[in-house]
Structure formats: structure tokens, C-alpha cells
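Here's the structure we're looking at; comments come further down.
Each reported figure results from applying straightforward, stated rules to the coordinates on display, with no laboratory input. Fair warning: this is a prediction, and the values are worked out from it, not measured in the lab. Here the Cβ is made from the backbone with ideal geometry for all residues, glycine too, and neighbour counts use every protein chain on show.
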């Protein structure tokens, strides 16, 4: 009889740590982060700084060693800022192997993600890999405050109300698609504008939407920047965590009878009150 | 000389209290809620229960009276579930007057909103009124976890990755618009499906999307319900806080070369790694 006693797998947590401000962490995320055996922390290079870690560090740095006497491990994992599969795939593979070896020792692993683990996050790929390699693994998602909330709060402009429609698009999707989306939707969040900023501004200008567009970078962090006049943005590149928020406000307001589609909606109440 | 000493206006906070679970409140929201002089709490009727209050109550109910000796006021405000301006406008007017009288006494008021104050929230109307009536008022927005994060977490399905596009639409917008949105976007969140559920299911069936649609009600609350097979939904009405989440997953995955638009994207890495 060679049956070995098997250690049950530890739980893998995908933890949304919010958009940037350390106090926009949720109570649930804080608890998981403080109790996990291992914090898995993504960073853009072996020597780069991790935004997720800068959010979490104030909450765990002065923590005493856990009740068990075991010290929490901080496992930094490098995910290069690249689109090249020859670079990315090995990085993901390596990251998963590191996490897997801890899970197999029965340790719980909290993988930190800026914003939310299910919204444009590296965690999505790790989860896919985990489901394939460890079908019995328990995965818990801790939703977080995303930039979809943080950017409107920073801009001081509501995202949407009543019957307004929202679109979220990565700028890299293509500028023609951007144009049709801008025409069809009331509120548009254009993500990852970084190297596309000039093209985005040009389309907004041609569509007559510069006046209702706001540029926000690093929302809610101490380095937050909000620009309401997009003509003030110079240069061909912005930081990675930047977004342009367009809100036409043609159909907002509870008693508005206007429509951006020219369909002549009757003056009516658009809002069902959300408590 | 009749100049009266004037009390500075108190601050008005729009506080997002998250989607339903009390521990999905942020640290910042908790602090504001515990320190505010007045909690303004929306409810659907004079005798109705407030979802926002059910989230916040566990955190303040056993709080001792504040350091000042003053007891925090809980100001319940009724916003009827109606589309009739003759009912709604007086309700908003009354709510703002109640809040304004506290602000003018120099008291801070935290207005609770389920989810986020700038995402389909009554607070948007109150803020508009406040800006008009009290131009010098300091308003602070505390962003919260929204159902846009909570629903994918509850369903166990990522919202979007890589170059995927997201649309958020209230079902009441019209079913033809729903059809074109479903065709153009990778991930679609259909909000407030309540009385439109049969029409929504019919459109999803006709578009061949039932297999990638999930129904979620009261995400993250103790009464959360997730239905992956929409044909199991009977009846003509669902609860108000319900959503249908459609995710085609045709373009997700980092090495996917597929596209829902048939444009023959080259096999390429869609993901810029988000740290």
C-alpha cells in the first residue's frame, strides 16, 4: 500500500484591491490579505514597482507575524508589459507554477489585482490555467472598486443614470469602432489610451465631443491627474493607467425629453429609483 | 450692522456601500459612515426596507455615541419606485430640503447608495439639485464596488479581458437596441431586467446567445441567486436588482485569433498586462 496522505489544496483568492487609494480596499479584501499564507504580487519587471503592492503595503507592512508563528510570504511575480506571446506565455507559466507549488502545500494564496480580478486583469489568465491544471482547486473572487467607478468620481461627473447606456472599450480596438461607439452610447470609457491618445483626441474633435470629454490618469491615487480640456494634452503618449471618459448627457436627468438618437422620446421619467 | 455669524456648510458625501455584502464596503466608506453627523438612507416606501441600510447597519448599529456626545442621526428618506414625475419630483425635493437643513447647521451628511453613487443612483439627482441650490457646498464622492464587478464574480465568469468591449444597458432601453448591442459587443450587462425578462430571453435565444448568458439577482447578498440556464426562469417578472450577463468569449484569451466580427484578426496577443 503506497497511498500517500495528501494535503488538501490551499484556496486561491483573486483579490481586487481597488483603483489606487489604499482606503478604497474593501473589508473583505483586507481580511483575505491579512490572513493569507502567501501574497502573490504582480509587477511589470524584476525591478519594477507594483501598483497593487503600493495599495496593500500600508495594510500589511506593520502586521505582526500570524498567530501560527508562520510569516506571510510575499511572492513577487513578474509579468512583462509586452504583447509578445514568446515573452508572456513563459511568464504566466512560471507564475502559475510558483503559485501551484504553494497551493499543493496546503497554503492559501491571495493574488492581488489592481481594480477587480475579473475586469481586464492578469488574474483571468491565471484562473484559466488553474482550472485546467488543478480542476479541484477552490478559487474565490473578491470583487473590487474598478476604474469604471473611480474615473467618474475623480472627474466629478456621473457615469450614467436613468436609461443611459455605457460602453467600455480599449482604445487599441480601432478608431473606426470608437467612432461608431461614440455615436451609439451616452457614456463611453476609453481605456488604455496611452499610445493612442492623439488618435482618440482627433476622433473626439471630429465628432464634436471634446467638450464633454475628460482625461483621467491614476484615478484616486496620490498621483491622480484630471484634465477637462483635452486640447491641453501634449505629446503622443500618456501613462498606461489613463482613460478618457466621454459623457454626452443628452439623455440624463430625470425629466429629460431629449435623446442622442434623434428618436424623439417623449418627455418622461427615465429613472427607476435605485435605492 | 446686521451681519450674522454664518455657520460653514457641512460636507455632503455620496457614499457607495457596495453591491450587497456588508464586507464589500470600502475602508473609506466605513470611516465616513461612522464619522458623519447624519446618515441619509434611501428607502422605497415609508415602511419599506433599505438595501443600503441593510449593508451599513452591521457596521454602525453597535457604535457608541460619537466622541462629541452627539448621537448620529439616521435620516430615512423615501424615494418611491415610480416613473411618475408627479410622485418623484416632490420626493426628491423633500429629500433635498431635509438634507439641506442639516448641512446649513454645519452637519456632515453621508448619503448611502447601494453600489456606487455615480452609477445609476438617486444620488446623481440630489447632487444636481445641491449644485443648483448650494453652489458653495463641498460634495465628496466615495466610489464603491458596483454590480458590474459583483455580477461576474457571482457568475464565476470574467467581465472582459484583452481587447474585449463591454456594454452596459438598461433593458428598458428597447429590445431592438439590445439586439444590435449584443452583436457588436463581447460582454453585455443587461440591467433592470425585471419586467423585461421574457423579451430579453427571447432575443438571446434568437441571437443564439442563451448558452453564454447568466442571470444573477442580488449579487453578493445573502439572497444571491445565479441561474446559468435561462430556460429555467419562469414567470414574467424578476426582482428589481437582477441582471443578465452575456459573455461571448470569442475574443478572450491571450492567444485567441478569433473575433466575433469576422474580421479575421491575426492570432495575436490581445492582452496588455494589467498589474
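Each principal axis of the Cα cloud of the stretch A:70-217 was evaluated for its coordinate range; sorted largest first, these ranges are 58, 36, 27 Å. In summary, the stretch B:212-251 shows an alpha-carbon radius of gyration equal to 1.24 times the 2.2 N^0.38 Å reference for compact globular proteins.
Relative to one another, the C-alpha centroids of the stretch B:157-190 and the stretch A:82-97 are positioned 30 Å apart.
Once Rg and the Kirkwood radius are both taken over the C-alpha atoms of the stretch B:90-133, their ratio Rg/Rh works out to 0.96.
Calculated FRET efficiency, residue A:207 and residue B:93, Cβ-Cβ r, R0 45 Å, to nearest 0.05? Given R0 = 45 Å and the Cβ-Cβ separation, E is 0.80. Expressed in Å, the radius of gyration and Dmax of the Cα atoms of the stretch B:1-59 are 15.6, 55. Plainly put, the tip 7 Å out from Cα toward Cβ on residue A:133 is 5.9 nm from that tip on each other copy, the closest given first. Once the Cβ-Cβ distance of residue B:105 and residue B:136 is raised to the sixth power relative to R0 = 22 Å, the FRET efficiency obtained is 0.90. Is chain A rounded, prolate or oblate when judged by the Cα gyration tensor, a ≥ b ≥ c being the square roots of its eigenvalues, rounded requiring a/c under 1.5 and prolate requiring a/b larger than b/c? Judged from the Cα gyration tensor, chain A comes out prolate (a/c at least 1.5, a/b above b/c).
Calculated on the alpha-carbon coordinates, the convex hull of the stretch B:119-189 measures out at 139 cubic angstrom per residue. Summarised as an ellipsoid, the stretch B:152-232 has semi-axes of 19, 16, 12 Å, derived from the eigenvalues of the Cα gyration tensor scaled by 5 and square-rooted, with the largest first. Each residue, residue A:234 and residue B:71, gets one label point 7 Å from its Cα in the Cβ direction; the gap between the two is 6.0 nm. Once the mean of 1/r is taken over each pair of separate Cα atoms and inverted, the stretch B:26-119 shows a Kirkwood hydrodynamic radius of 14.2 Å. Share of pairwise Cα-Cα distances greater than 40 Å in the protein assembly as shown is 23 percent (whole percent). Apply 1/(1 + (r/R0)^6) to the Cβ-Cβ distance of residue B:31 and residue B:175, taking R0 = 56 Å, and write down the FRET efficiency to the nearest 0.05. FRET efficiency, residue B:31 to residue B:175: 0.80.
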